[in-house]
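Shown next, in structure tokens, is the structure this report addresses.
Throughout, read-outs are computed from the coordinates displayed, never taken from laboratory work. The structure presented is a predicted model; accordingly, all values stated were derived computationally and were not measured. Glycine gets a Cβ as well: all are built from the backbone with ideal geometry, and neighbour counts include every protein chain shown.
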Amino acid sequence: MYLGKTDSLVALSGIGRIQLKWYVNADPKIEETVIYWNMRQDSVVKSFQRTEKGIQADSLFIEGLPEGVYTFELFNRNKSGYRSLISSVQGEVFGETLISGLKNRTISSMTIVAYDKDEQQSDIKITWGPGITGSFGSKISYFNKSTNTQTEVFVPMDSTTTTITGVGNRFNHPEDMLDVSTLYLFENSIDTLETIYRKEQLCLFTVNGIQKNYNSEGIITGTVVYGDIIKSLRKISNLSSTVYECDRVSNSTKLPNTLFRFTLQDNQILIDGFHNGYSISDLGSNTFSPEEQKMYVQYKFLMNNGAYAIVEEDYLPPNTNIPLPLEKQPPANVFDATGRTVKNLFTFYQDLVIVEPVVQGGVMRFYKFNQATDFFSEFRGTPWAGWDIFQWSISYTDAILACSLDGNLTWYAWDKITGSVIANLGILGSGFHTYEKVVPSIDNEGLFCVKQDGNMIFFPITGVNSLGTAMDMNGEWHTFTHILSYGNDLLTVDTNGDMWLFPIDKHKMIGEKIKVGSGWNKYQHISVFGTDLLALGADGIVWKYKFDKDLFWDVTYN
């Protein structure tokens with residue numbers, strides 16, 4: 001008589017280990033499971049403790065296995081001598097041989113987008129090569145000088161660019177290298193495989209030099225002296241020696257694909273390469289001082305008809321700052337709303353308007369913008385209480401439009417100088433409480449209104465208390481948490497935090513959306529201020545972004 005056999009046996013691969021999983025059937029006489037491998041030279045016994053009636057899952061990790069493919073045989077038994085039939089499964093144990101053969105994702109280019117000469121650190125944009133089948137991402141490990149911490153950055157395989165900050169600029173210094181690896185998680189495996197990391201580095205130098213030009217007979221024909229030009233040297237990671245590629249030969253413009261190479265050997269530098277199809281050769285006496293981060297080099301490159309140039313250069317730590325590009329610059333703190341509950345936030349000319357909820361009196365305040373301090377300072381005029389009777393309020397030209405709880409949209413003429421109401425000019429329209437969002441657009445001269453089914457209607461405003469014929473815009477606009485009028489266009493933020501631009505032509509036709517940002521779901525309120533964007537987050541601070549719709553604004557980390 002046989003005991004019940006192990007069922008649905010699988011082997012999950014790991015690094016130097018394997019996990020076996022199986023099911024034990026309802027046989028109450030099973031007491032333990034025996035596992036054999038390595039031609040039955042190795043074995044382990046797994047006791048079985050029944051915790052539930054019927055079929056029960058069981059598993060076992062086997063550690064310390066050499067790399068290779070194994071056949072595992074399992075059978076159940078008890079102390080009375082009964083046993084089951086054998087179940088078997090093959091499984092692979094990962095090790096150094098497999099890992100060393102995994103491909104690293106290539107880096108197409110590296111660009112320094114910002115540099116701080118005082119801190120000697122840079123922000124580097126990495127452009128990735130094609131993704132690798134089987135890999136789910138890459139990892140960058142480096143010492144972040146800005147935070148003084150060892151930092152790891154995970155890059156999903158579908159990412160095409162990554163910007164890292166606070167990278168040290170010391171040439172060939174181990175602390176200022178980037179360790180880049182590629183991550184794999186194969187089907188039916190329990191461990192993430194990481195490739196052997198490669199060393200990457202991109203450094204800046206300020207270069208002063210002199211180029212002497214000679215004809216084919218060795219007679220000097222001219223001299224060019226240059227100074228304070230910026231050159232970058234990138235480590236060529238696929239070469240075993242310490243080889244860097246320079247982006248400029250002498251005082252040339254930046255070269256997209258140069259073969260001007262510096263090979264570092266015991267603080268001596270060997271130079272070779274090509275320039276405009278002609279060879280570059282080393283003239284010796286090229287030295288590098290790690291302590292001073294300075295280099296002195298001499299080299300020669302050929303030109304047409306046998307002419308040539310001899311170049312002497314000094315490479316020094318950069319003496320200039322490179323500011324961040326506009327879309328990477330941190331936003332400005334322009335208002336502190338800490339401790340306040342903000343029901344509504346919008347702008348009115350040069351004022352920031354904040355409406356508080358009923359528990360705080362429903363007060364509406366106008367805060368003046370001080371250009372000298374780049375901050376919204378004291379409020380203008382008298383705080384207006386009682387605005388809790390309105391479901392929401394928005395600004396349009398020189399008016400505040402307020403929607404009552406029963407849907408009437410009242411037009412209040414407002415004095416932009418004193419921050420005071422001039423007059424209640426009556427009802428612009430009714431039924432506005434049924435819309436999910438109402439977005440005023442001065443450039444389009446009307447209101448974009450999102451219905452509960454996600455479609456959108458545009459109401460032209462033809463005058464005070466006068467709406468024109470509604471236009472259906474259709475779409476799935478209820479998927480957006482924020483909708484803003486930005487010039488003629490619409491800016492939206494979806495639930496993932498991605499920002500999209502919808503261009504609108506003069507006929508109110510909406511074009512294909514364009515992704516212009518990410519990370520914007522961290523803000524509760526977003527408003528347009530001229531061409532800038534104001535954003536209020538959970539920290540209670542209103543941040544101002546110098547927005548440009550033609551750039552990409554990833555605000556995840558700023």
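With contacts defined as alpha carbon pairs under 8 Å and 6 or more residues apart, what's the relative contact order of the chain in percent? Relative contact order, the chain: 7 percent.
So for Ile510, Ile140, fewest C-beta neighbours within 10 Å to most, what's the order? Listed from fewest to most nearby Cβ atoms, that is Ile510, Ile140.
Note on the range 203-316: the C-alpha convex hull projects to 7.1 nm² when averaged across all orientations. In the chain, helical runs assigned H by DSSP with n ≥ 4 each contribute -39500 (n - 2.57); averaged across all residues and rounded to the nearest 500, the mean residue ellipticity at 222 nm is 0 deg cm²/dmol. Residues in the range 430-443 carry Karplus couplings, in order, of 10, x, 6, 6, 7, 8, 5, 9, 10, 10, x, 9, 5, 5 Hz; the curve used is 6.51 cos²θ - 1.76 cosθ + 1.60 with θ = phi - 60°, and Gly or Pro positions show x. Counting 0.36 nm for each residue step from Asp443 to Lys549 and taking away their Cα separation leaves a gain of 36.6 nm. Within the shell defined by Cβ-Cβ distances under 11 Å, the residues around Asp472 carry a net charge of +2, with Lys and Arg each +1 and Asp and Glu each -1.
Stretching the chain fully between Ser109 and Thr242 yields a gain of 46.1 nm (0.36 nm per residue, less the alpha carbon separation). Using DSSP to define loop residues, name the chymotrypsin sites (Phe, Trp or Tyr not before Pro) in the range 436-541 whose beta-carbon has at most 13 other beta-carbon atoms within 10 Å. Sites meeting the loop and neighbour criteria: none at all. Between amide H atoms placed 1.01 Å from N, distances below 5 Å from Trp553 occur with Gly517, Ser518, all of them 5 or more places distant or on a separate chain. The H on the amide N of Leu259, modeled in the peptide plane, is under 5 Å from the matching H of Phe274, each at least 5 residues off or on a different chain. The string of couplings for the range 100-111 from the Karplus curve (6.51, -1.76, 1.60, θ = phi - 60°) is 5, x, 6, 7, 8, 5, 6, 10, 6, 7, 10, 9 Hz, one whole number per residue in order, with x for Gly and Pro.
Close amide H contacts of Asn444 (hydrogens built in the peptide plane, cut-off under 5 Å, sequence separation of 5 or more or a different chain): none are found.
Listed cross-link partners Lys343/Lys544; Lys125/Lys212; Lys522/Lys549; Lys294/Lys546 are compared with a 26 Å cut-off, the Cα-Cα value being larger for Lys125/Lys212; Lys294/Lys546. Note on the range 7-94: Cα-Cα pairs beyond 20 Å make up 32% of the total pair count.
Other residues within the sphere of radius under 13 Å centred on the Cβ of Ala332, judged by their own Cβ, net out at -1 (K and R +1, D and E -1). Each of Ser393, Ser159 was scored by other Cβ atoms within 10 Å of its Cβ. Arranged with the fewest first, they read Ser159, Ser393.
Shown in residue order for the range 70-79 are the 3J(HN,Hα) couplings computed by the Karplus curve 6.51 cos²θ - 1.76 cosθ + 1.60 at θ = phi - 60°: 10, 10, 10, 10, 10, 8, 8, 8, 9, 6 Hz (x for Gly and Pro).
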